[in-house]
Amino acid sequence: MKQLISIIAIALLTFSPAQAKHHEEKNIGTAASAHPEATKAGFEILQAGGSATDAAMAMMLALTVVEPQSSGIGGGGFFLHHDAKRNWMQTIDGREMAPAAAGADRFLDKDGKPMGFRASVPGGFSVGVPGNMRLMEMAHKKWGKLPWKKIFEPAIKLAEDGYAVTGPQYFWMKRLGGLWKDYPEIRKLYWRDGAPAPVGTIIKNPKLAALLKDLQANGADAFYSGETAKAISDAVANAPQNQTAITQDDFNNYRAILRAPVCSSYREYKICGMGPPSSGATTVLQILGLIERFDMDKLYKESPVQAWHVIGEAMRLAYADRQKYLGDRDFVAVPVDGLLDKNYIATRSQLIALQRARPEFPGMETYPAGDPPGAQARTKAASSEVPSTTHFTAVDGEGNIANMTSTVEGPFGSQLIARGMVLNNELTDFTFTPEIDGAPVPNRVQAGKRPLSSMSPTIVYDKTGQPILALGSAGGKRIIMHVTKTLIGVLDYGKTLEEAMAMPNIYFGGSGLLIEGKSDLVKLQSELSKLGHIVVTSGLPSKLAGAQKTDQGWVGAADPRSIGQAVSELP
């Protein structure tokens, strides 16, 4: 079990007896994340009377310390908030932004060809202006209850006193060992005796503690000016590879943006998520719309192979539209309404045959993008996203929900350190090729632009309009599928959130259908092949986290594949 529900269990972990008695009188809420220390930080803030937003921001800061390979204040994120009193949802875009020096040719070599991904990630070219501190500032002003300074306390303590290296962190430190020979500052932080710090090693980060104290005392402005802005600028200007510039004007121009959520119906539910530059909500909702004409529960019970087949076909069709039409809506026209138009989706759904995968024909796309209403002519081009990132959810005693996905992009981002924090490599989420056949690619690099993302924080409402589910995941482009299969598990199959998270992961690569190895889905491999799929087993790890409303109250859950944990106090 990845969740701790009993008030007695929670009391043993975090309460004194006096506190336990007090908290029996009022439900505190739920915190869930991909790291136990972050979950503890969030729940401590809830215990102190904080809102869901306060708790989520405490988790974001704590993850900066304990999960630097995945997220932190050196990166960005997307934040969903449900206001229980007003019963409405708002979203904040804290995605990183390309600096003025980043032109369309940023990731082209001297011959005008796209750089290799491994050559483009380390160093300065990949670093975008971080957004998480402006996001935190906006969220706290709108929905925070506790003083700004209080929210930093758990993260500062972790940075000063230290935390234990986990298995996932050690895995990435070991894998990046060859690269770090050119990056002494990050190696100094996370290596011991000339090798990656073993699991259980206590890591202290006094420079990060000092940065957090600076932000605690002086607010988000202290991140985008002064010592911190200079440290980021110096890091990218003097990087061992791909030196470039991020200027004070770039920091001054960064804004977190309050955006309207993207919502659509699925059966009796309303599902909402993040709009562009996230492709999460549009693609998740498209996949669900494409399968809505099928009785998925009956199919899953009577013919599981056909259920997974339908999901796989819908996935391929929705991702084709994602690849062609999605980008930063402030720079390109994204036909969100058209992509979610019920008639358009119904027409696209007819491309799914229950008994057979789509056939391949020479010179034709097997899973073509469609022509949604309102769409402009567009060039299809792939973006680069790698499976890192993190997600965390908090629900407070009043029923407010904070649901955030945060990232530095790849493992340890750009490998650059500024004041103890890892800097993102988010700009590699842009499409490296700016034009195809003379037509501009929607996700090309442009100064001031935010790269396309697959982060998919999601909130689900029932037929009465009340929230019943909040979740998200890590996993690069696979995030969309990790979230979608979990939604299907809960909404169609009647599973608990934790059970649905544990369902096999599915994705695609090339012309093949990727299924999670060492899962029940492997048993269906030959049957999927008979339906016309090229089936390949893969690792497909995920880090889902979220919360579900039950008859007893909100219960958190964390992906069994992760080290994550959820803590929930029930009445």
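Apolar share of the accessible surface for region 275-400: 48 percent from carbon plus sulfur atoms, 1.4 Å probe.
Hydrodynamic radius of region 163-210 by the Kirkwood approach over all distinct alpha-carbon pairs: 11.0 Å.
A convex hull fitted around the alpha carbon atoms of region 231-376 yields 191 Å³ per residue. Rounded to the nearest 20, the size of the Cβ-charge dipole of region 398-512 about its Cα centre is 140 debye, with Lys and Arg at +1 and Asp and Glu at -1. Ordering PRO571, VAL236, MET173 by the projection of their Cα atoms onto the charge dipole of the chain, which places +1 on the Cβ of Lys and Arg and -1 on the Cβ of Asp and Glu, puts MET173 at the extreme positive end. Over region 344-467, the reciprocal of the mean inverse Cα-Cα separation, the Kirkwood hydrodynamic radius, stands at 18.8 Å. Please work out the Kirkwood hydrodynamic radius for region 120-246, using every pair of different C-alpha atoms, and report it in angstroms with one decimal place. Over region 120-246, the inverse of the mean reciprocal pair distance is 16.5 Å.
The charge dipole of region 108-241, taken about its Cα centre with unit charges on the Cβ of Lys, Arg, Asp and Glu (plus for the first two, minus for the last two), comes to roughly 320 debye. A 1.4 Å probe run over the protein chains yields, for region 123-188, 43 Å² of accessible area per residue, whole-number rounding. Remark: for residue pairs LYS85/LYS270; LYS149/LYS204; LYS85/LYS157; LYS324/LYS449, the C-alpha separation exceeds 23 Å in LYS85/LYS157.
Taken about its Cα centre, region 183-257 carries a charge dipole of about 340 debye when Lys and Arg each add +1 at the Cβ and Asp and Glu each add -1 at the Cβ. Among the listed pairs LYS40/LYS207; LYS463/LYS523; LYS142/LYS549, those with a Cα-Cα distance over 26 Å are LYS463/LYS523.
Accessible surface for region 303-404, divided over its residues, is 38 Å² per residue with a 1.4 Å probe.
Note on the chain: Rg/Rh from Cα positions, Kirkwood definition for Rh, rounded to two decimals, is 0.95. Among the trypsin sites (Lys or Arg not before Pro) found in region 518-555, those both in a DSSP coil and sparsely packed, with 14 or fewer other Cβ atoms within 10 Å of their Cβ, are LYS518.
Peptide packing for 470-476, 435-441 was compared via the average number of neighbouring C-beta atoms within 10 Å per residue; ordered from the highest value, the list is 470-476, 435-441.
Between ASP337 and ALA210, the contour length at 0.36 nm per residue exceeds the Cα-Cα span by 41.1 nm.
The values are calculated or read from the model by the stated rules, or taken from the named source; none is laboratory data. The structure presented is a predicted model; accordingly, all values stated were derived computationally and were not measured. Backbone-built Cβ (ideal geometry, glycine too); neighbour counts: all protein chains shown. Side chains are part of the model used for accessible areas, which takes the heavy atoms of the whole protein and leaves out ligands, DNA and RNA. Shrake-Rupley method; radii C 1.70, N 1.55, O 1.52, S 1.80 Å.
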